[in-house]
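Shown next, in structure tokens, is the structure this report addresses.
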Amino acid sequence: MKNDRPQDQYQNPLITRYASKDMSGIWSAQKKHSTWRKLWVALAEAEYELGLPGITPEQIAELKGAVDDIDFEKARDYEQKFRHDVMAHNHTFGDCCPSARGIIHLGATSCYVTDNSELIQIRESLQLVIVRLVSVIDQLAKFAEEYRDLPCLGFTHLQPAQPTTVGKRATLWCYDLVLDLAELEYRLEKLAFRGVKGTTGTQATFLQLFNGDHQKVEALDQLVSEKMGFTKRYVVTGQTYSRKVDAQVLAVLSGISQSAHKAGTDIRILQNRKELEEPFEKNQIGSSAMAYKRNPMRSERMCSLARFTMSLSSNADQTMATQWMERTLDDSANRRLSLPLSFLSVDAILILYRNITDGLVVYPKVIEKHLNEELPFMATEEILMAAVQAGGDRQELHEQIRVHSLEAAKQVKEKGLQNDLIDRLSNDPGFQNVDINQALDGKRYIGRSPEQVDQFIAETISPIRKKYSDALKRGSEDVTV
């Protein structure tokens, strides 16, 4: 296929490498400006239906017929002349619809099309993110179920701690995303429409158009919102809808990124320990210099994009904080970047996450080896209790274990030898009546990990699978990773 991207110009990697066509399409120029035109049609149509004189069905039909027929070259010429993108597209639309030129944008301010179209794009983007997110949740849950009872070394402070299971650890990654899903659902449910509010949000121009009829102005606001698919409107606005909405939305995207980064980091550490690996293709090259390497490049990329997305949320926070009075235009250039890039980045993150979890390779023998290396220390409490029950003195036995443990640790740390604590205890007369080997079964120390996985699947995941069954049937979209 012919490459129509100029190679001597910067191209955003989120478009060219990482994000999906679906998400890119939502934030495309065609989508944006077709939506502007749909908003102008909805406004004219609603004004006509409410009896505003000077608007005819023929004009509305002409506008509807040209919604997607956008001459972007002409719009660029107009914008160079007017230095105003909304007026440029207003004139371009008018050139397509000469008989309707005079009714386009009647009574509206620029933010009628810019803000309302962005709310539509945000809504569609949130819906797509939910599809991506539930796909990852579903796959992680399957992984957790498969390895529900495979013992592995747990870590606190990145130091060996009480054992858990591979499946239980995966539920921790999954539950973070479940919490993110709840936030996404809440923000989507609360998202509303700016509607028809006028230049400073007072609806003064529309009140003038309808000769002081407040009921018709309110009806116009409601009717346009419904025509654009919204049942809820923001009750009050300035010239723009509150930029608090952007801050709240980008905070949710940051939250998803935090969850992905945490899991991606865990996977990178575990791949370093050779306990599991992300997918690695037959012809994939891990390093240009070290041919043997199998780098966790998907997880690294996921973490990289996650940090970028997290950084963008502060843009929305600061933009919200610095809006003056009814609005100021220093939000515009920032939002042209932060809104689409946040969604494109999260889209790419979740595609990567789904790809990683779909092909995670687990190495039970390595996991068992690592667990067994630390298990003697962890088994000492159980060995101590068994020795006391066999008639030993608790305090004397505790001291013997302490001394043997220090010597065994010295063998490992100073001499690079195997942990010989069990041999030392087996040869100690104080533990002759204890079946020490029985204490070295890793499953004795995983508590209720398998049962917790089962409970998590039944109580948390099953309802999500049921609610989003149609989304899960759509499957996942692959990208070059």
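Worth pointing out:
- Residue match in the stretch 79-98 (condition: touching an Asp or Glu at 6+ places or on another chain (Cβ under 6 Å) and among the small types (Gly, Ala, Ser)): yes
- For Asn419, the conditions (1) under 30 Å from Pro296 (Cβ atoms); (2) out of contact with any Gly (no Cβ under 7 Å at 6 or more places or on another chain); (3) assigned to a helix (DSSP H, G or I); (4) in contact (Cβ under 8 Å) with a residue 12 or more places away in the chain are fulfilled apart from (3).
- Complete set of residues in the stretch 235-282 that are modelled with pLDDT under 95 and hydroxyl-bearing (Ser, Thr, Tyr): Thr237, Thr240, Tyr241, Ser242
- The single condition among (1) buried (at least 21 other Cβ atoms within 10 Å of the Cβ); (2) touching a Leu at 6+ places or on another chain (Cβ under 9 Å) that Ala161 does not meet is (1).
- Wholly within the stretch 325-401, helices (runs of 4 or more DSSP H) carrying at least 3 residues that are assigned by TED's automatic domain parsing to the domain that holds Leu119 and crowded, with 18+ Cβ neighbours inside 10 Å: 332-358
- Only one of Arg465, Arg448 that is closer than 24 Å to Pro160 by Cβ and at pLDDT 85 or above: Arg448
- Every residue from the stretch 179-199 that is touching a helix residue (DSSP H, G or I) at 6+ places or on another chain (Cβ under 9 Å) and exposed (fewer than 14 other Cβ atoms within 10 Å of the Cβ): Leu179, Tyr186, Lys190
The values are calculated or read from the model by the stated rules, or taken from the named source; none is laboratory data. The structure displayed is predicted, hence computed values, not measured ones. Reconstructed Cβ throughout: ideal geometry from the backbone, glycine too, with neighbour counts over all protein chains shown.
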